[in-house]
Amino acid sequence: MAGLAFAASAAAQSKWVDRDGRVTYGDAPPAGANAAPLRRAPAALPQAEDASADKKDDAKDVKKPLTPAEQDAAFRKRLQDAEKEREKQAKTDSDAAAKRENCTRAQEYARTLEGGRVTGTDAKGERYFLDDSQLAQEAATARQNVRDWCK
């Protein structure tokens, strides 16, 4: 019985109190009854102040839902873009590692040249000592390499 009363009240559109003080639900309240509506009309969407100008712009900006094929193509493009970004980052990382390695080697060579007697090897594989002018030239080159690689 209670379920039927609830179902009837759920289908009703108005609620009022009758002359005997009972709460009554129904579609049409009697004349003179202070009825409260149970279902509210859907609220209207707020409109822009200048609707005519917005309608012209909105017609161009409206996006249609993507088809599965378009969604797949967009997904594949995002994957390709992400892969390109990963490759770019990997190249940047490897370039930075190579620069650090070259800097370290240039610094070590510059310290070696500052240490005194330095030897070299000629085309025949024979060892020779650098004279003062060769040592100064190699030291200048090493300092330039340090400046270039260790920025």
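A few points about this structure:
- Within the same chain, lysines fewer than 8 places from LYS63 are excluded, and of the rest, those with a Cα less than 26 Å from its Cα are LYS55, LYS77.
- VAL118 long-range amide H proximity, modeled H, under 5 Å: LEU130
- Karplus 3J(HN,Hα) series, Hz, for the stretch 24-34 with 6.51 cos²θ - 1.76 cosθ + 1.60 (x for Gly, Pro): 10, 10, x, 7, 10, x, x, 4, x, 7, 8
- Residue exposure sequence - CYS150, CYS103 - by fewest surrounding Cβ within 10 Å: CYS150, CYS103
- Pairs of Cα atoms farther than 14 Å apart, the stretch 89-151, %: 63
- Distance between the stretch 95-115 and the stretch 125-140 - C-alpha centres, whole angstrom: 18
- Distant-in-sequence amide H partners of THR24 (H built 1.01 Å from N, under 5 Å): TRP16, VAL17, ASP18
No value in this document is a laboratory result; all are computed from the given coordinates. Predicted, not measured: the structure shown is a model, and the values here were computed from it. Cβ: placed from backbone, ideal geometry, glycine included. Neighbour counts: every protein chain shown.
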